[in-house]
1. Could you list all residues from the stretch 113-138 that are surrounded by 17 or more Cβ atoms within 10 Å (Cβ to Cβ) and farther than 19 Å from ALA101 by Cβ?
2. I'd like the full set of residues that are surrounded by 11 or more Cβ atoms within 10 Å (Cβ to Cβ), among the aliphatic types (A, V, I, L, M) and modelled with pLDDT of 95 or more, limited to the stretch 41-81.
3. Any residue at all in the stretch 75-84 that is under 28 Å from TRP11 (Cα atoms) and more than 13 Å from the chain's Cα centre (by Cα)?
4. Can you spot a residue in the stretch 96-117 that is closer than 18 Å to MET1 by Cβ and of a type in the set (A, V, I, L, M, F, W, C)?
5. Applying the selection to the stretch 110-158, what residues are in a loop (DSSP other than H, G, I, E, B), at negative phi and touching a residue at least 40 places away in the same chain (Cβ under 8 Å)?
6. Having 1 or more residues that are aromatic (Phe, Trp, Tyr), touching a Leu at 6+ places or on another chain (Cβ under 8 Å) and free of Cβ contacts under 8 Å to residues at least 24 places away in the same chain is the bar; report the helices (runs of 4 or more DSSP H) wholly within the stretch 1-106 that clear it.
Amino acid sequence: MHFVFEWANYWRPVAVIAPVNESVWEHFKMCFWPGLFFAVAEYFFLKQLAINFWTGKALGLLLMPLVIGLGFYGYTALTGKHYLAADIVLFLIAVVAGQLASYKIMVMQKVKIWLKIGALLIVFLLTSAFVYFSFAPPKIFLFEDSRTQNYGIPGDLNIPVGER
């Protein structure tokens, strides 16, 4: 997922699902979108078995970016540096944590309807945030490109590809 935007020749619609810079927020996309697409595919096979399917998936989709964000800012605060190997391990830990949490909720006894509605709201809000902030990121640390100190899609991408 990391290089899909570049591989797509910087086609702006791809910016919704693929990282466009080196900000922590953009890296959240690498677990959120595959997690959501996988959840939609899983739903058709598990909807009869997992009575709390979307409640579990909402927790997993929320937990993965939280683990990545807290882990990244935690270890970089302690070490003063960021390490690619640590980022990859942290990503794997986040995916495993998200999937385990999701599974635990899916196989629980039936949850209250307000939790199911809240879960769908979380999925909707996360999806909306990833779409919206792809094109209009706030100017805060979470959205700052660690290489350029800019935000969002790099400015030179507004130049037609043939003129770069």
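1. Passing the criteria: PHE130, PHE133, SER134, PRO137.
2. Passing the criteria: ALA58, LEU59, LEU61, LEU62, LEU63, MET64, LEU66, VAL67, ILE68, LEU70.
3. Going through the stretch 75-84, the residues under 28 Å from TRP11 (Cα atoms) turn out to be 84.
With more than 13 Å from the chain's Cα centre (by Cα) added as a condition, the list becomes 84.
Checking the stretch 75-84: at least one residue is under 28 Å from TRP11 (Cα atoms) and more than 13 Å from the chain's Cα centre (by Cα).
4. Checked against the condition, which is being closer than 18 Å to MET1 by Cβ and of a type in the set (A, V, I, L, M, F, W, C), the stretch 96-117 yields at least one hit.
5. Quick first cut of the stretch 110-158, residues in a loop (DSSP other than H, G, I, E, B) only: 110-112, 136-140, 145-150, 152-154.
When the remaining residues are screened for being at negative phi, the result is 110-112, 136-140, 145-148, 150, 153-154.
Scanning the stretch 110-158 gives LYS110, VAL111, PRO137, ASP145, SER146, ARG147, THR148, ASN150, ILE153, PRO154.
6. Values: elements: 4-7, 24-46, 53-79, 84-106.
Hits in the stretch 1-106: 53-79.
The values are calculated or read from the model by the stated rules, or taken from the named source; none is laboratory data. Everything quoted here is computed from the prediction, not taken from an experiment. Please note: Cβ atoms are built from the backbone with ideal geometry, for glycine as well, and neighbour counts cover all protein chains shown.
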